[in-house]
Amino acid sequence: MIEPKIIVALDYADAHSALQFVNRIEPRACRLKVGQELFIAAGPQLVEQLVRRGFSVFLDLKFHDIPHTVAQACKAASKLGVWMLSAHALGGSTMLAAAREALGGVMPRPLLIAVTVPTSMGREELGHLGIGGEIDVAVLRLARLAHQSGTDGVVCSGHEAPQLKKQFGREFCLVTPGIRPAQTGHDDQLRVVTPRQAVLNGADYLVIGRPVTQAADPLRVLQDINREMTGNQA
Ligand code: C5P
């Protein structure tokens, strides 16, 4: 597996716990997502360590600030050797374009992925922000804004993937959380899809946390999911 589609969410509170898990998996089976909790606790050193071990790292800090600040944050993150970065589409097109431009000269250039509407937000809460109407319409509008601003893709649910793929084409990268292998529980995720369904729906990368991080044999689970995705059951 040279280009793994699975991104394991390293949702750990400290570097030690994260590395204990990482010692049990390998870069051929998955990529890794470092979010705000782990980054604040363990810092850039951990990210560099993961990169040195051969993992592609998605630094998921969801930037949202004035364009200059976000551009500088992207530049700083790119120096860590990360493969993917995230920013909020609600930060606006000038912010997203500045982020993309800041990454322009970096080789290899990290992918810039926009967050549209966090799945934790309901229609009412969006309405309070002045964003009326159906959530899927807001998602589509923000994805279009992200696409026009030069981002490489968006985070979206497996259910939204077919429409976004159709609208923005093959090259626009879809990163999909809310994935649950067929035989596992849902945890607190409400609208889940299986890895195979997510890929069939057009997802390019699958963010998976607990089904892998809490498994007795995480590498085995990753191998099973990779097989399930390609339709090759053991
Ligand atoms: O453990 P689980 O597979 O639910 O973890 C999913 C990961 O994806 C977590 O890091 C979570 O924050 C993230 N995520 C999500 N839903 C979104 C966006 C991100 O579950 N809409």
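The values are calculated or read from the model by the stated rules, or taken from the named source; none is laboratory data. Only a predicted model underlies this, so the values are computations on that prediction, with no experimental measurement involved. So basically every Cβ, Gly included, is an ideal-geometry build from the backbone, and we count neighbours across all protein chains shown. Calculation scope for accessible area: heavy atoms of the full protein, side chains included, ligands and nucleic acids excluded. Shrake-Rupley method; radii C 1.70, N 1.55, O 1.52, S 1.80 Å.
A few comments on the model shown:
- In range of the label at Glu3: residues from region 190-219 whose backbone nitrogen is under 13 Å from the point 7 Å along Cα→Cβ: 204-205
- When the residues Asp152, Asp11 are ordered by accessible surface, computed with a 1.4 Å probe over the protein chains alone, the sequence from largest down reads Asp11, Asp152.
- Solvent accessible area, Å² - Lys33, 1.4 Å probe, full protein context: 30
- For region 6-228: lysine pairs under 19 Å (alpha-carbon distance), excluding those fewer than 8 apart on one chain: 5
- Debye, to nearest 20: dipole size of the chain, +1 on Lys, Arg Cβ, -1 on Asp, Glu Cβ: 580
- Surface share of carbon and sulfur [accessible, 1.4 angstrom probe, percent] for the chain: 51
- Solvent-accessible surface (1.4 angstrom probe) belonging to Thr194, in square angstrom, nearest 10: 40
- Of the listed residues Ile40, Ile135, the order by accessible area with a 1.4 Å probe, largest first, is Ile40, Ile135.
- Convex hull of Cα atoms in the chain, direction-averaged projection (nm²): 12.3
- Restricting region 174-234 to trypsin sites (Lys or Arg not before Pro) in coil, as DSSP defines it, with at most 13 other Cβ within 10 Å: Arg191
- Net charge in the neighbourhood of Val117 (other residues with Cβ under 14 Å of its Cβ; Lys, Arg +1, Asp, Glu -1) is 0.
- Neighbourhood net charge (13 Å Cβ-Cβ; Lys/Arg +1, Asp/Glu -1) for Ala203: +2
- For region 6-228, the solvent-accessible area works out to 47 Å² per residue, with a probe of 1.4 Å and every protein chain left in place.
- Taking every full run of DSSP H in the chain, the ones that stretch at least 15 Å from end to end by Cα along their long axis and average 0.5 or higher on the Kyte-Doolittle scale are 135-148.
- Local net charge near Val34, Cβ-Cβ under 10 Å (Lys/Arg +1, Asp/Glu -1): -2
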